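Every number in this text was worked out from the coordinates using simple rules, so none of it is lab data. Just so we're clear, the structure is a prediction, and the values are computed from it rather than from any experiment. Cβ: placed from backbone, ideal geometry, glycine included. Neighbour counts: every protein chain shown.
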Amino acid sequence: MKSPHPDIERVLIPTHEIQTRIAQLGKQITQDYKGESLVLVCVLKGAFLFMADLCRHIDLPVNTEFMAISSYGHATKSSGVVRILKDLNECIEDRNVLIVEDIVDTGLTLSYLVDLLATRHPRSLKVCTLCSKPQCHQREVKIDYCGFELPSEFAVGYGLDFKDFYRNLPFIGILKPIMYENDL
Ligand code: 5GP
């Protein structure tokens, strides 16, 4: 298949598959939380597109919250250092909280976030990630909803960046090695 972008070597997940899967996840979440309300916590920046599409498939009373966490800087490998750049605006005590992530790689970021939010005594705390790389997990993190399992390669698109670019690609793909070979 011809690459849809000059910097992309190959497409991993085309746009229509992303959208179909998100609709399924939204339906599942709607069923699982029937009769309840939900706080969706978007982990910025990577999950902003996923969150925007997912919340439109959830037919429940929903609050949207945003958190910014840094674990990567400008490289393609996890530093293991997690910093909160922006915290939640609202209290989540006694609320059903669903963390919305872009991708779980080592799991360090997510495990930090789950531990942190758990200290705030939510009624329930679950995780929904668009992508997971099971071969890269270093921490045991329970993922309640997962869109796609990816190979252990660096992916971009649909919110996933390289040096803060490519988030706006409507598909998920692999960059040509020449784009990042100086950073590896
Ligand atoms: P972890 O702590 O699980 O290793 O990394 C989580 C964060 O690293 C993700 O939220 C994402 O921002 C970034 N990340 C991990 N794998 C990838 C990848 O393949 N592509 C991109 N663009 N970011 C990734």
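Computed quantities for the displayed model
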{"item": "Euclidean distance of C-alpha centroids, segment 10-27 and segment 121-143, integer Å", "result": "19 Å"}
{"item": "Antiparallel bridge percentage (DSSP; both residues within segment 25-184; nearest 5)", "result": "25 percent"}
{"item": "FRET E, pair His121, Phe165, Förster distance 45 Å, beta-carbon r, rounded to 0.05", "result": "0.70"}
{"item": "Residue exposure sequence - Asp53, Asp87, Asp32, Asp105 - by fewest surrounding Cβ within 10 Å", "result": "Asp87, Asp32, Asp53, Asp105"}
{"item": "Kirkwood hydrodynamic radius of the chain, from inverse mean 1/r over distinct Cα pairs, in Å", "result": "16.8 Å"}
{"item": "Using a Förster distance of 30 Å, the FRET efficiency for Glu90-His5 (Cβ separation, nearest 0.05)", "result": "0.20"}
{"item": "Cβ charges +1 (Lys, Arg) and -1 (Asp, Glu), total dipole of the chain, debye", "result": "120 debye"}
{"item": "Residues in segment 148-170 reached by a label modelled at Lys176 [backbone nitrogen below 18 Å; 7 Å Cα→Cβ]", "result": "154-157, 162-163, 165-167, 169"}
{"item": "For segment 1-64, average projected area of the Cα convex hull in nm²", "result": "5.2 nm²"}
